[in-house]
Amino acid sequence: MSKEVVFVIDVESGNLRSLQNAIEYLGYEVEFIRDAADENLKTATKLFLPGVGNYGHFLNQFLAKGFLEPLKRYIDSGRPLMGICVGLQAFFTGSSESPDTEGLGYIPLQLTKFNPNDLGGKSVPHIGWNSVQIDRKILDSGKTLYGISPHSKYYFVHSYAAILSEPEKQSLEADGWTLSTSRYGTEEFVSAIAKDNLFATQFHPEKSGAAGLAVINSFLRGEKFSPLSAADLQVDDSIEVTPTGLTRRIIACLDVRTNDSGDLVVTKGDQYDVREKSESGDVRNLGKPVEMAEKYYQQGADEVTFLNITSFRNSPIKDAPMLEVLKRAAETVFVPLTVGGGIKDVVDPDGTKVPALKVATLYFRAGADKVSIGTDAVLAAEEFYRNNEKGTGLTPIETISASYGVQAVVISVDPKRFYVADPSKTPYKTIKTKFPGPNGENYCYYKVTSQGGRNVHDLGAWELCYACEKLGAGEILCNCIDKDGSNSGYDLELIDYIKSATKLPVIASSGAGNPSHFEEVFRKTETDAALGAGMFHRGEYTVKEVKDFLTKRGLLVRTDK
Ligand code: 1PR
């Protein structure tokens, strides 16, 4: 029997492959509509409008391609439409992200940016897994909206939202909109909205594991008010309510490289040295990237990161295996995927110049949600300081975030610790450390490195993060060469140091050796997420064991898959 075809409007905004994969996983066929004159718009019976990244970029593309009238006709005909993320935002009148761009105006509200001073300082963008509150009247009738479970967590990634006051909420409801809202700190915003044949979510159901797939499935089956199950209503009161509303995010990281036999393997170093200490000196081979990503997804990882750790040696455009890894992983892993290594302007061996934006586009098209920039971020920050703290508009951080949004650009920092007796002895931001240096120095700072720790730059890690936020990065992956592979816990002082440089979400990385290290970093620092590598790869602990431990210790994690 042939499969039912579902249509997806593609205005070249971010990762649409994951949505395609999710719909196909649910048993449908996907066709993209890239041209407003496409006849399929007249006959489609189910349509998605997914949007990622910058509001203006998305809407301007949408309008320039002439989609406005055909989309209105589609909606007027009563056929079902589901918007996702910026695809939800598009239905509002506008956004302060792009004041010159008019929205579609279906919902009389403007989107605004989350307040980074809320809670005395919260990370913006809002990245991670949050709860969704469904309209009480619907829940009381034993139903929910399109399979959204009050018990589950959904993946959000955005800086702008339809932040609502109570009167605005009531007015939307009076207009016939069914709403679900979520809370980020003290700000309540629209997380899903439905009216007649229109449905849209601010969260990414295609990135929200099984709970998200259930929402897409309900939409595809036309189950607007689907029955609530007993599991949907299960809420564990013993679990903490985090100030932001977000869960404690656990990330599995796969360092990938080609070994001496030419196979792409997951490896793991000690202080970035990935070769066996034995005579063979081979690259440590801990498994196959796609299989391991799938395993961690099944164990409950909230995100999977792939780092191509030798990318600086060759051209990423020729580096098809990493693209292939992404493509294959995205077929079965329905949580966010980040890829790093070699995100920079490159020149192919035949002399063709390939800008970083194109390299990133290839990864987004393959199924990545974010790209992580290491070496090039250091170069961009150095230029930023040479240029009186201004960007040039040409660096990969700037070009990629302008097209795909700041949330798509992660900075991977590889800092190394240095000691000084007195802060006046260095131009870099220092901290008073609890762990004095070899000569009893009480202060330390971190310099950044590039090319996998090989080059140490005259640039502090604090200064790097400060510059990258200004240039348009959306998240910081904070590694630590001294702690990498040590199993001795995270460098808590480093995390605080980086958090003080930026409002961006920070991912603590390097040093996790057991579940209590995750608890420690969440309790003692303001980190937004914690990443583990070696302890998962060597099978010492599973992601689920870490999450079960955190749950027992009263920390909020996403427990459903
Ligand atoms: O510089 O933009 O091409 O990106 C290269 C990327 O590769 C950077 O993100 C850089 O951090 C990474 N990288 C380069 N060399 C290495 C290496 O290990 N030799 N890996 C490397 C960085 C660090 C973490 C690791 C944590 C957790 N790996 O990703 O997963 O330290 O480990 P643990 O839990 O076992 O302690 P560019």
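The values are calculated or read from the model by the stated rules, or taken from the named source; none is laboratory data. Here the structure is a predicted model, which is why all the values come from computation and not from measurement. Heads up, the Cβs are rebuilt from the backbone with ideal geometry, glycines too, and the neighbour counts pull from every protein chain shown. Ligands, DNA and RNA are stripped out before the accessible areas are found, and what is left, the full protein with its side chains, is counted by its heavy atoms. Shrake-Rupley method; radii C 1.70, N 1.55, O 1.52, S 1.80 Å.
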Which of the following residues is open to solvent by 40 Å² or more (accessible area, probe 1.4 Å) and touching a residue at least 12 places away in the same chain (Cβ under 8 Å): Lys547, Lys552, Lys524?
-> Lys524
Flagged in the stretch 90-109 as assigned to a strand (DSSP E or B) and within 22 Å of Phe199 (Cβ to Cβ), in numbering order, are Phe92, Thr93, Gly94, Ser95, Ile107, Pro108, Leu109
Given Cys465, Cys480, which one is open to solvent by less than 10 Å² (accessible area, probe 1.4 Å), of a type outside the set (Asp, Glu), in contact with a Ser or Thr (Cβ under 6 Å, 6 or more places away or on another chain) and assigned to a loop (DSSP other than H, G, I, E, B)?
-> Cys480
Does Ser509 qualify as being of a type in the set (S, T, N, Q), open to solvent by 50 Å² or more (accessible area, probe 1.4 Å) and either modelled with pLDDT of 95 or more or within 13 Å of the ligand (Cβ to nearest atom) (or both)?
-> no
Residue satisfying condition, being in the same structural domain as Thr186 (by the TED database), of a type in the set (D, E, K, R) and within 21 Å of the chain's Cα centre (by Cα), within set Lys72, Lys122, Lys137, Lys143 | Lys122
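Quick one: which residue in Val190, Val124 is at pLDDT 95 or above, among the aliphatic types (A, V, I, L, M) and at negative phi?
On the way: Val124 fails: at pLDDT 95 or above.
Just a single option satisfies the conditions, and that option is Val190.
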Filter result (within 15 Å of the ligand (Cβ to nearest atom) and open to solvent by less than 10 Å² (accessible area, probe 1.4 Å)) within the stretch 468-477 = Cys468, Ala473, Glu475, Ile476, Leu477
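If you take the residues in the stretch 395-416 that are within 23 Å of the chain's Cα centre (by Cα) and farther than 29 Å from Ala161 by Cβ, which one is farthest from the ligand (Cβ to nearest atom)? I'd like the intermediate steps shown before the answer.
Keep residues of the stretch 395-416 that are within 23 Å of the chain's Cα centre (by Cα), which gives 395-415.
Those still in the list that are farther than 29 Å from Ala161 by Cβ too: 414-415.
Values: Asp414: 5, Pro415: 10 Å.
Checking each candidate, the answer is Pro415.
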The stretch 352-374: number of residues that are within 15 Å of the ligand (Cβ to nearest atom) and either acidic (Asp, Glu) or in contact with a Phe, Trp or Tyr (Cβ under 6 Å, 6 or more places away or on another chain) (or both) = 1
Output for the stretch 431-474, where each listed residue is over 22 Å from Asn388 (Cα atoms), out of contact with any Lys or Arg (no Cβ under 7 Å at 6 or more places or on another chain) and not small (Gly, Ala, Ser) = Ile431, Lys432, Thr433, Lys434, Phe435, Pro436, Pro438, Asn439, Glu441, Gln451, Arg454, Asn455
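Would you say Ala381 is more than 10 Å from the ligand (Cβ to nearest atom), assigned to a loop (DSSP other than H, G, I, E, B) and either open to solvent by less than 50 Å² (accessible area, probe 1.4 Å) or without any contact (Cβ under 8 Å) to a residue 12 or more places away in the chain (or both)?
Numbers: more than 10 Å from the ligand (Cβ to nearest atom): yes; assigned to a loop (DSSP other than H, G, I, E, B): no; either open to solvent by less than 50 Å² (accessible area, probe 1.4 Å) or without any contact (Cβ under 8 Å) to a residue 12 or more places away in the chain (or both): yes.
Against the criterion (more than 10 Å from the ligand (Cβ to nearest atom), assigned to a loop (DSSP other than H, G, I, E, B) and either open to solvent by less than 50 Å² (accessible area, probe 1.4 Å) or without any contact (Cβ under 8 Å) to a residue 12 or more places away in the chain (or both)), Ala381 does not qualify.
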Using beta carbons and a limit of 7 Å, which pairs, at least six apart or on different chains, have the first residue in the stretch 244-267 and in contact (Cβ under 8 Å) with a residue 12 or more places away in the chain and open to solvent by 20 Å² or more (accessible area, probe 1.4 Å) and the second one away from the ligand (no atom under 16 Å from the Cβ) and among the acidic types (Asp, Glu)?
-> none
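If I filter the stretch 405-417 for residues that are outside any loop (DSSP other than H, G, I, E, B), on the phi < 0 side of the Ramachandran plot and without any contact (Cβ under 8 Å) to a residue 60 or more places away in the chain, do I get at least one hit? Working first, answer last.
If we filter the stretch 405-417 for residues that are outside any loop (DSSP other than H, G, I, E, B), which is where we start, we get 406-413, 415-417.
After this cut, where a residue has to be on the phi < 0 side of the Ramachandran plot as well, the list is 406-413, 415-417.
Then drop every residue that is not without any contact (Cβ under 8 Å) to a residue 60 or more places away in the chain, which leaves none.
Checked the stretch 405-417: no residue is outside any loop (DSSP other than H, G, I, E, B), on the phi < 0 side of the Ramachandran plot and without any contact (Cβ under 8 Å) to a residue 60 or more places away in the chain.
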If you scan the stretch 483-500, which residues turn out to be open to solvent by 10 Å² or more (accessible area, probe 1.4 Å) and away from the ligand (no atom under 12 Å from the Cβ)?
-> Leu492, Glu493, Asp496, Lys499, Ser500
